[in-house]
Amino acid sequence: MFGEGAGLQDALPATQLPSRIREGKQPMQRTAQAAAVPAHMTDAEWQTRVDLAACYRMIAMFGLDDLIYTHISARVPGPEEHFLLNPFGLLYEEVTASNLVKVDLKGEIVDPGTDPINPAGFVIHSCVHEARPDLTCVIHTHTVAGVAVSCQEEGLLPMTQTALLYRDLIGYHGYEGLALNMSEQERLVADLGADKHILILRNHGLLACGRTIPEAFIMCYYVEQACRMQVAAQAGRGGVGQGLVLPPEEVQALAHKQAMGGIGQTALGTREFDALKRRLARQGADYER
Ligand SMILES: [Zn+2]
């Protein structure tokens, strides 16, 4: 749980952590396929590539990918407005640090000779990166539960603790057809506003944005979980007033306020992200090459 996890990150005594982590030894962290930083690349870019490739694998791990479609983008550290994206045609499980493609805000490839991207897919991402430089990473999904909730008039209900975590960080964007129309970018950015992190794209999917890659991942993961919980609850009992219970409004506000205590931390999601990197390593995932 994001709120609880964020609290634990601060509160958990070091002695309660596994000794391998407590002592800073994480032998499972790197795979045998890990590659050295290429000569023409900064350490910061390579680390972003490794983390972004790991994020693709994690999204696939939880079934949040959609064949070769949807994207996760991340800003390359540095003065240039450059971004990393999956090559068009690869499954998420095939994305690695070195095959990620570097593009500019127009979606044009920076390094000649690299694989093509899906330019239409970058339309949603590029406008967020341009308008909100505080958001380093943008994850877009087409999951069944996310789309199902996006089709519901009331959107994500303040029904579960998980849904309440993000209550004030969620905006909505109306469907305008496939995201090929550049003029839609203005409306999408307006719906994201200055402080939202998540957009529920009506009739389409979800968008989760983070100040870091781990933050975007943890927000994507928990908003997806909240959507799954809502759809499952509705499938069991119909709707509100038909056997479903919402927490009292003051409790909704309290839960969100408690969770927001973690949002100020730039390390949000890092502990969970590192744990999942260790799972990837145990599975022999070759994302670091
Ligand atoms: Zn989409």
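Every number in this text was worked out from the coordinates using simple rules, so none of it is lab data. Keep in mind that this is a model prediction, so the values were computed, not measured. With ideal geometry, Cβ positions are generated from the backbone for all residues, glycine too; neighbour counts draw on all protein chains shown.
Give the percent of DSSP beta bridges with both residues in the chain that are antiparallel, rounded to the nearest 5.
Details: 19 of 24 bridges.
Of the beta bridges lying entirely in the chain, close to 80 percent run antiparallel.
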Whole-Hz Karplus couplings 3J(HN,Hα) for segment 249-258, θ = phi - 60° and coefficients 6.51, -1.76, 1.60, Gly and Pro as x, run 4, 5, 6, 4, 5, 5, 4, 5, 4, 4
Beyond 32 Å, what share of the Cα-Cα pairs of the chain remains, rounded to the nearest whole percent? 25 percent
First select every other residue whose beta carbon is under 15 angstrom from the beta carbon of VAL144; then total the charges, Lys and Arg +1, Asp and Glu -1. -2
Sorted on mean Cβ neighbours within 10 Å (highest first), peptides 242-251, 207-216, 74-83, 142-151 come out as 207-216, 142-151, 74-83, 242-251
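Using 1/(1 + (r/R0)^6) with R0 = 30 angstrom and r between the beta carbons of SER98 and GLU249, what's the FRET efficiency to the nearest 0.05?
On the way: r = 50 Å, r/R0 = 1.67.
Working from the Cβ atoms, E equals 0.05.
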What do you get for chymotrypsin sites (Phe, Trp or Tyr not before Pro) in segment 172-252 restricted to DSSP loop and a cutoff of at most 16 other Cβ within 10 Å of the site's Cβ? TYR175
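Using a cut-off of 15 Å between beta-carbons, work out the net charge of the residues near PRO112 (Lys and Arg +1, Asp and Glu -1, PRO112 not included).
So the environment of PRO112 carries a net charge of -3.
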Treating only the Cβ atoms of Lys and Arg (+1) and Asp and Glu (-1) as charged, compute the dipole magnitude of segment 189-289 about its Cα centre; round to the nearest 20 debye. 320 debye
List the residues whose amide H sits under 5 Å from the amide H of LEU244, counting only those 5 or more places along or on another chain, with H placed 1.01 Å from N in the peptide plane. GLY239
Rounded to the nearest Å, the spacing of the alpha-carbon centers of segment 115-193 and segment 205-238 is 12 Å
Ranked by Cβ crowding within 10 angstrom, fewest neighbours first, how are LYS257, LYS102, LYS277 ordered? LYS257, LYS102, LYS277
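Just to confirm a number: summing +1 for Lys and Arg and -1 for Asp and Glu over residues other than ALA131 whose beta-carbon lies under 14 angstrom from that of ALA131, what do you get? Mind dumping the intermediate values first?
Numbers: positive: ARG75, ARG132, ARG187, LYS196; negative: GLU81, GLU130, ASP134, GLU184, GLU186, ASP191, ASP195.
Spelling it out: positives minus negatives among the neighbours equals -3.
Per the helix-only calculation at 222 nm, which mean residue ellipticity applies to the chain, given -39500 (n - 2.57) for every DSSP H run of n ≥ 4 and division by its residues, nearest 500 deg cm²/dmol? Write out the running numbers ahead of the final one.
Details: 10 runs with 117 residues, N = 289.
About -12500 deg cm²/dmol.
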Excluding same-chain pairs closer than 8 in sequence, count the lysine pairs in segment 39-282 whose Cα atoms lie under 27 Å apart. 4
Taking the Cα centre of the chain as origin, work out the dipole magnitude from +1 charges on Lys and Arg Cβ and -1 charges on Asp and Glu Cβ, in debye rounded to 20. 940 debye
